[in-house]
Amino acid sequence: MKNIVILISGRGSNMQAIVQACAAQSWPARIAAVLSNRPDAPGLKFAAAQGIPVGVVDHRQFPDRASFDKALAKAIDAHVPDLVVLAGFMRILTPEFVEHYAGRMLNIHPSLLPSFPGLHTHQQALEAGVKVHGASVHFVTDALDHGPIVLQAAIEVGPDDTPDTLAERLLPCEHHIYPRAVRWFVEDRLRVRDGVVHVDPPEPQLLIALAASDGDAATEAGAPADDANGAAGDRS
């Protein structure tokens, strides 16, 4: 039974998707804690209602990132985590913190990495004129929004899309791929070779969602459309 600690800064809808999938699918894991850097994060109420231990390490109470990260690591390690999940945790982490959890920390980013790291990814995608946009679950390294990619979801960019419509259409895909990636980890199915993540035994590592005008359908690369798993919904 693996321990998962989830970090949030807001409503934590990806956290909620992971919590619900863990319970519904009887993972060999438990959500050991949900921690936030903001005491008013709405996701803390959801976690507490599920009986999950919650905690706050307020970054505003520390003079610098290093001291905050040290306190945060202490709070995380109190729960003896096998995996740390960043679910809309809006803090840049120090290299020392990242190294401490190397190989056991996952993040989700709203772009098809390595394209569009950083903030405002939907606006970046529109300005670049790409026809496909998406989200990526990846292992965290000390390079911002980089690291071996576990699973991605792709959506078509339409001529009338805005940052808001892209975010709205991508959200269900994020809720689909993040729990799946976490489950693969807790089932010891992820292998990283030469910086590339493989799933053992193999499963598709790409979800392709059609445009909203095509009925919001979703399918997985390598899987027949009739067998596709539907996407489930948020990034925060």
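The values are calculated or read from the model by the stated rules, or taken from the named source; none is laboratory data. All figures in this text were calculated on a predicted structure; none of them were measured in a lab. Neighbour counts are summed over all protein chains in view; Cβ atoms, including those assigned to glycine, are modelled from backbone coordinates with ideal geometry. Accessible surface is based on the protein model in full, side chains and every heavy atom, while ligands, DNA and RNA are left aside. Shrake-Rupley method; radii C 1.70, N 1.55, O 1.52, S 1.80 Å.
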>> Of everything in the stretch 1-25, what is basic (K, R) and open to solvent by less than 70 Å² (accessible area, probe 1.4 Å)? Give them in sequence order.
In response: K2
> Considering L44, L83, which residue is of a type outside the set (D, E, K, R), touching a residue at least 40 places away in the same chain (Cβ under 8 Å) and in contact with a strand residue (DSSP E or B) (Cβ under 6 Å, 6 or more places away or on another chain)?
Replying inline: L83
> Does G230 satisfy the criteria of being open to solvent by less than 60 Å² (accessible area, probe 1.4 Å), farther than 20 Å from L106 by Cβ, in a loop (DSSP other than H, G, I, E, B) and at pLDDT below 95?
Replying inline: yes
> Which of (1) free of Cβ contacts under 8 Å to residues at least 24 places away in the same chain; (2) surrounded by 15 or more Cβ atoms within 10 Å (Cβ to Cβ) is the odd one out, the single condition N107 does not satisfy?
Replying inline: (1)
>> Any residue in the stretch 164-178 that is touching a residue at least 12 places away in the same chain (Cβ under 8 Å) and of a type outside the set (A, V, I, L, M) sitting within a Cβ distance under 7 Å of a residue that is open to solvent by 40 Å² or more (accessible area, probe 1.4 Å) and assigned to a helix (DSSP H, G or I)? List the pairs, counting only those 6 or more apart or interchain.
In response: R169/A212
> Has the stretch 26-37 got at least one residue that is touching an Asp or Glu at 6+ places or on another chain (Cβ under 7 Å), over 24 Å from V186 (Cα atoms) and surrounded by 13 or more Cβ atoms within 10 Å (Cβ to Cβ)?
Replying inline: yes
> Applying the selection to the stretch 62-90, what residues are open to solvent by 40 Å² or more (accessible area, probe 1.4 Å) and either over 23 Å from L190 (Cα atoms) or among the hydrophobic types (A, V, I, L, M, F, W, C) (or both)?
Replying inline: F62, P63, D64, R65, A66, K70, K74, A78, V80, M90
> Among the strands (runs of 3 or more DSSP E) confined wholly to the stretch 64-139, which include 1 or more residues that are over 14 Å from the mean Cα position of the chain (by Cα)?
Replying inline: 132-139
> Residues of the stretch 117-129 being out of contact with any Phe, Trp or Tyr (no Cβ under 8 Å at 6 or more places or on another chain) and either within 20 Å of R191 (Cβ to Cβ) or open to solvent by 40 Å² or more (accessible area, probe 1.4 Å) (or both), which ones?
Replying inline: P117, L119, H120, Q123, L126, E127
> Counting only residues that are open to solvent by 60 Å² or more (accessible area, probe 1.4 Å) and modelled with pLDDT under 95, which one in the stretch 181-212 is farthest from M15 (Cα to Cα)?
Replying inline: L210
